[in-house]
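First the structure, in the form of structure tokens, and then the observations on it.
The values are calculated or read from the model by the stated rules, or taken from the named source; none is laboratory data. Model, not experiment: these values are computed from the prediction. Cβ coordinates were reconstructed from backbone atoms using ideal geometry, including for glycine residues, and neighbour counts include every protein chain displayed. For accessibility, only protein heavy atoms count, side chains too; no ligands or nucleic acids. Shrake-Rupley method; radii C 1.70, N 1.55, O 1.52, S 1.80 Å.
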Amino acid sequence: MKIKLKINDSSSPTVQLFSWRKVRMAIVIFTLGALQLTGMATDAEPSTKILPKSLQQKVEKFRLALLSQGFEVAEGDFHLFSIEDCKYAVKSIGNCLGNNPTAPYIIPSLPLWPDEHVDPHMNQLLGPVAENQGWTHRLGEQEALVVLGELPPPGRYFGFQPYIFSREGQLDEADVLFQSLTDPFMKSILFMKSPNPSRPLVFSSIGDSINNVVIEHQSGAAFGEQRFFIMTADAGLEKEMRQVLLQSGVPDTRHIFKAPIPASFAKLGLNSSADDFMTVLRYALPEDEIAGEQWRQQLPLVVFRVRSHERNQIATPYSVSVRETRSVRSELNLQHSLDKLVVGLKNRWAQMNSVSSEFRSLLLAMDLLGEHCIKRPMNCLGDTADADYQISETASVDQDEVLAVAGTLGTVTGNATYTSLAVNRIPELIGVSNLTDKDLKGTASDLFPGSQDSEKLYLVYFARDCGNMKHCHPITEAMVPHGEQLKFIQRNYVVPGTTRGPAPEGLVNPKMIVLKKTH
């Protein structure tokens, strides 16, 4: 049931406005109490989610304050998108968005406004959601998404990133990148339709993310703290939401973070031709695995959609923000050492003619940056400026192949807060296994003894049957069924001392070497 309260005080003197707001607040509190007694619901029905008491109080005060001021408020849900949910994404779009199995995405589903276009193609995009909710949503010119939450326990990374998920239009097969791609899989995944055939899938970041380093720089702390996020295309509305949050018990405006949506970048509105949006949170490598998993299961986060038909102000649009400059501690002097490691590997296996191939930087080779992808249009694969991505050629392990991957270790070279090497099942792009820098560290020392560079390199193996092979990781039939293939993706997240991932120009790309198992 939808409840709309409106008191026509437009003719009242300004000095009487505060009194009218008190009356509104009293009416809202009384109405909510009556509805709870009768079992009826409002657009902003209180959540059943268990939250820390102090956060719950802020959420309730925020909700009631918005209603008292004539805003429409609709509450969504947060979901942990794990590898088990890939079956839904594969069914709807044909792939799993390059998920990281050890750092699952956290994605809200949001209620749809009564006057918002409902795209039936998106209903079950990432799995079942509550009635009248969607994984993607439109965004009005004077609308805000507001997230109130307790951030996870200490870990290596946390990020909050808004995306444009799809845009009305047609793919351009005359595009220079489309024409230059020789990898059939990469062409199919980068230039693809969303579930709606009239809309290319773009999954493009909107500006830089709000990550734990940004949060700590602005507010003094990040992990384990209550922090608040406002995503909107209207700078005036963002200020209003900030004021309501402060009135609701948020102690300091520095605890509030804005995610501006530039009107010149996004197609705003609630109609069928407008962009649809998705917000993604990432949390990786908790220091305490049990505490981190408890947070993931509880997800002490609340998200509201907020708008007002009574608000008679003209929207104040944001300009397109300038991306922060990436930095890098050059690894190029390690190229020779990596090449020597590969030669030594081939020599040890007595397979000097084995094929080796270099990973490619997705940022350099594929131009994987949100504002570039959206113009093509092209799938940006859920890009973020917090990481560099390097991808291997396609490979198989069905004929007794042993795949060796050798590379530089960003956490040792100073180019990453954490490094991961993921195995992705192709063509579904399902992340089925993931090694972190903890798994990679020290793995090159056996083959490269005594070298001062050995700690800066890694060397690991993948096979159907590892036997007694050291630093080898099995690829089971459950992970990659017989007849299917795989790709490796390396991610380097956030250069220590900075807020962003490394500049790819200064990195050395890993290499994959295809060996034959000797019995």
- Message: Just to confirm the number: angle between the C-alpha axis of helix 335-348 and the first principal axis of the chain, 0 to 90 degrees, nearest 10?
- Response: 50
- How long is the gain from GLN452 to GLU477 if the chain were fully straight, where each residue apart is worth 0.36 nm and the alpha carbon distance is subtracted? 5.1 nm
- Message: Suppose every Lys and Arg Cβ carries +1 and every Asp and Glu Cβ carries -1, with no other charges. What dipole size does the chain come out with about its Cα centre, to the nearest 20 debye?
- Response: 680
- Pick the calculated Cα Rg over 2.2 N^0.38 Å for this structure from [x] 1.13; [y] 1.06; [z] 0.97? [y]
- Rounded to two decimals, the Rg over Rh value of region 45-170 from Cα coordinates and the Kirkwood Rh reads 0.97
- Message: With every protein chain kept in place and ligands, DNA and RNA left out, what is the accessible area per residue of region 386-464? Probe 1.4 Å, answer in Å².
- Response: 27
- Note on the structure: Helix 53-68 sits off the longest principal axis of the Cα atoms of the chain, rounded to the nearest 10 on a 0 to 90 degree scale, by 50
- Pull out the extension gain between THR182 and SER319, defined as 0.36 nm times the separation in residues minus the alpha carbon to alpha carbon distance; nm, one decimal. 45.6 nm
- Item | Additional length obtainable on full extension of the chain from LEU364 to ALA221, 0.36 nm per residue less Cα span | 48.1 nm
- Item | Between region 148-213 and region 484-514, the alpha-carbon center distance in angstrom | 18
- What the 10 Å binned alpha carbon P(r) of region 93-250 shows, as percent of pairs per bin from 0, is 8, 29, 34, 22, 6, 1
- Note on the structure: Measuring from the longest principal axis of the C-alpha atoms of the chain, the long axis of helix 289-298 (C-alpha) lies at a number of degrees, nearest 10, equal to 40
- Read phi for every residue in region 319-324 and hand back ³J(HN,Hα) as whole Hz from Karplus 6.51 cos²θ - 1.76 cosθ + 1.60, θ = phi - 60°, with x for Gly and Pro. 7, 5, 6, 7, 5, 5
- Pairs LYS340/LYS487; LYS438/LYS470; LYS239/LYS375: which are spaced more than 22 Å apart, C-alpha to C-alpha? LYS340/LYS487; LYS239/LYS375
